[in-house]
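Taken together, the values in this text are just the output of simple stated rules run on the coordinates, not laboratory data. Quantities reported herein were computed from a predicted structural model and do not represent experimental measurements. Backbone-built Cβ (ideal geometry, glycine too); neighbour counts: all protein chains shown.
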Amino acid sequence: MNGWLWTATVLLAVGFGPVVWAVATGPVGRRVVAQNFGTSAVCLVMLLLAQGYQRPSYTDLALVLAVLGPVGTLVYARLLADDLSPHPPHTNLLTAAAALATTAVVVAVCAATGPGRAMVKLLVTGALLVAGNVIASRAVSGGYRNAEATSHG
Amino acid sequence: MSRRLRMWVLAVGGLGVAALLAAAALRLPGFGGDDHPYGERAVEASLARRTSNTIASVNFDQRAFDTLGEETILFAAVLGTVVLLRQTRDERQVRPAPERVAAPVRRYALVMLPVALLTGLYVIAHGQLSPGGGFQGGVVVATALHLLYIGADYRALERIRPVGLYEVGDAAGEAAYLILGVAGLVGGSAFLANTLLPYGTFNTLASGGTVPLLNAAVGMEVACAVVVLLARFLDQAVEIERSTGSGNDRGE
Amino acid sequence: MADVLTVLALLLVAVAATAAVAVRDPARQALVLAVLGLALAVLFTVLQAPDVALSQLAVGSALTPLLILLSVRKVRRRGQREDGGR
Amino acid sequence: MGRAAAVTAELLAWWLLLMAAWLVFISTVDALEGFVGAGCALLGALAACGARRAMGER
């Protein structure tokens, strides 16, 4: 169990553990925010496991999750709009935490892999994850709804 | 057949299954040990045909006939859904109302659609090299197309996604898999045997003989099948409604 | 000591699966199923089965929620029609 | 003539971007990877332009 696997274990316990509890209880708004944060946490765990097991091909899992994770959250924001609109959850703190954690993990794993196309792939994965997370959590917390005062179509 | 009797039959059946499972589990090699009789043979055969992803070799080479069964299960499931979710006589089709979506979400969907599509195609193409394959990549490709529904509305998605074309693609993917199998037969060896193409050099795109081609066929079939499946679900959820109802409720 | 990660992943899957069964409302269950999918993907990766983990991620993150929530929407719209609609 | 040039320019821009992404994704670069990547990037570029047009005229 090298350092990477220990970090993955800690991130799994501290980051993903509360998500499982938060998604099973409480109002719908908080559950969607928990699911969104869970996607980021597991994507980072995948990157750490790929580095811990010395298997660069595992980064494809993190890439697919970085691409599809936020899409899943947008599906909830879109199809559960009626349940979310009465009292939208506030997500700025959690999004900032996710972005910070993503930057830290991606920088650490990039430092370990060294320059090259593999590092660019990690940076792309990290960028996709952060962008998706920010937009999905803004969409969930209604950040765009009152900005444009769109009619509820 | 009283309820009590049925419970007894269930209990006896369950007990039998439990006993068999326990007996089988006792003879399994220890968890995490280094004795893998099946694994060693699979890896050996996979390396013999220069397929670096052993799972792809098992899926599309050593047990390709089972994957034909899996693919046909998906094909039949989507066929059943199309039949069940068709529009009945007392229902009518309503044009979906345009949905206003925030600009950042729309831009994100526009940027992510090609990127997700490319990721899906990458996962299909490299099925025999790295984790992935036709099934996983096909689902990613199909989900990528539906970013248009999330970024805009169902009317925009319908404009870019002719369902008839994808139904043909679904059938063509299934047929391609079968034709590759028969090609093995015509080539003088067995159905779905991997003796047709050269095995190429290890860890490159052309390695593994027919494995990449079977992967591509399954990828096309799964992508088209999921698009057709979602099309039927979206039709029912957004467009089709009972014509006898109050009638002014337009689907959105 | 590699078992810590395996045991933790198994524990998360067990808790998430129990939560998925305990939650009764379909819309909320779709959310719990998505998190269960993530826990399963981690477990498969820890047990060195990345292909299975990738299948779980591809299907569980966007496709399953879409199917469930579209069905919920269809049932809700039909339900509204019964009591006189909007 | 202007519209066709604009569409091809956008198609080309998307194709280059996706081709670069493909080269980043793959592990070993060789001729066949390039061809397959070019094909997939073209598919992605066509989908991107189609999506933008479908989303534009609502």
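Brief remarks on what is shown
- Helix axis angle, C:26-46 relative to chain C longest principal axis, alpha carbon, degrees: 20
- Approximate spin-label separation C:Asp25-B:Thr201, in nm, with each point projected 7 Å along Cα-to-Cβ: 5.9
- Degrees, to the nearest 10: B:64-84 long Cα axis against longest axis of chain B: 20
- Computed about its Cα centre, the charge dipole of chain B is approximately 520 debye, with only Lys, Arg, Asp and Glu carrying charge at their Cβ.
- Each part reduced to its alpha carbon centroid, the range B:1-45 and the range C:24-58 end up 24 Å apart.
- Charge tally around D:Ala47: other residues with Cβ under 14 Å, Lys/Arg +1 each, Asp/Glu -1 each, net +3.
- Evaluated over the protein assembly as shown, the Cα radius of gyration and Dmax, each in Å: 24.0, 80
- Fewest-first sequence of B:Glu221, B:Glu70 by Cβ atoms within 10 Å of each Cβ: B:Glu70, B:Glu221
- Where GluC sites (Glu not before Pro) fall in DSSP loop in chain D, at most 14 other Cβ within 10 Å: D:Glu57
- Karplus-based coupling profile of the range D:18-31, in residue order and whole Hz: 6, 5, 5, 4, 4, 5, 6, 5, 6, 8, 9, 9, 8, 4, with θ = phi - 60° in 6.51 cos²θ - 1.76 cosθ + 1.60 and x standing for Gly or Pro.
- Neighbouring partner chain Cβ atoms per residue of B:197-205, average, 10 Å criterion: 2
- Backbone HN-Hα couplings from phi across the range B:14-21 [Karplus 6.51/-1.76/1.60, Hz, Gly and Pro as x]: x, 4, x, 4, 4, 4, 4, 4
- Entry note, chain B: the mean residue ellipticity at 222 nm calculated from DSSP H runs of n ≥ 4, each adding -39500 (n - 2.57), is -20500 deg cm²/dmol after division by the residues and rounding to the nearest 500.
- For the range B:121-191, chymotrypsin sites (Phe, Trp or Tyr not before Pro) meeting the loop criterion (DSSP other than H, G, I, E, B) and having at most 15 other Cβ atoms within 10 Å: B:Phe191.
- When the alpha carbon coordinates of the range D:2-56 are projected onto the principal axes, the ranges are 38, 21, 14 Å, largest first.
- A convex hull fitted to the Cα coordinates of the range B:64-242 yields 112 cubic angstrom per residue.
- Between helix B:134-145 and chain B: long-axis angle, C-alpha atoms, 0 to 90°, nearest 10: 20
- Legend: mean number of C-beta atoms from other chains within 10 angstrom of residue C-beta atoms, peptide B:135-142, equals 6.
- The range B:93-155: radius of gyration and largest Cα-Cα distance (Dmax), Å: 14.4, 46
- The H on the amide N of B:Glu241, modeled in the peptide plane, is under 5 Å from the matching H of B:Arg92, B:Val94, each at least 5 residues off or on a different chain.
- Taking label points 7 Å from Cα along the Cα-to-Cβ direction, D:Ala13 and B:Gln87 give a separation of 3.8 nm.
- For chain B, built as a Gaussian network whose Cα springs stay under 10 Å, the top-fluctuating residue of B:Leu178, B:Leu230, B:Leu26: B:Leu26
- Here the dipole of chain C is about 720 debye; that uses its Cα centre as origin and unit charges on the Cβ of Lys and Arg (positive) and Asp and Glu (negative).
- Length-normalised contact order for chain A - Cα pairs under 8 Å, 6+ apart - percent: 28
- The ratio of the alpha-carbon radius of gyration of the range A:3-145 to the globular-protein estimate 2.2 N^0.38 Å is 1.05.
- Mean separation of Cα contacts under 8 Å, 6 or more apart, over the residue count of the range C:1-79: relative contact order %: 31
- Of the trypsin sites (Lys or Arg not before Pro) found in the range A:72-128, no site is in coil according to DSSP while having at most 14 other Cβ atoms within 10 Å of its Cβ.
- Given R0 = 41 Å, the distance between the Cβ atoms of B:Arg27 and A:Ser85 translates into a calculated FRET efficiency of 0.10.
- Average Cα contact separation per residue, chain B, under 8 Å, 6 or more apart, as relative contact order %: 27
- FRET efficiency, C:Thr6 to B:Ala45 (Cβ-Cβ, R0 35 Å, nearest 0.05): 0.80
- When each of the peptides A:127-135, B:75-83 is scored by how many other beta carbons lie within 10 Å of its residues on average, the order from highest to lowest is A:127-135, B:75-83.
- Separation of alpha-carbon centers, the range D:14-56 and the range B:135-208, rounded to whole Å: 17
- Per-residue mean of C-beta atoms belonging to partner chains within 10 Å, peptide A:90-98: 0
- Taking the convex hull of the alpha carbon positions in the range B:1-130 and averaging its projected area over all directions gives 17.5 nm².
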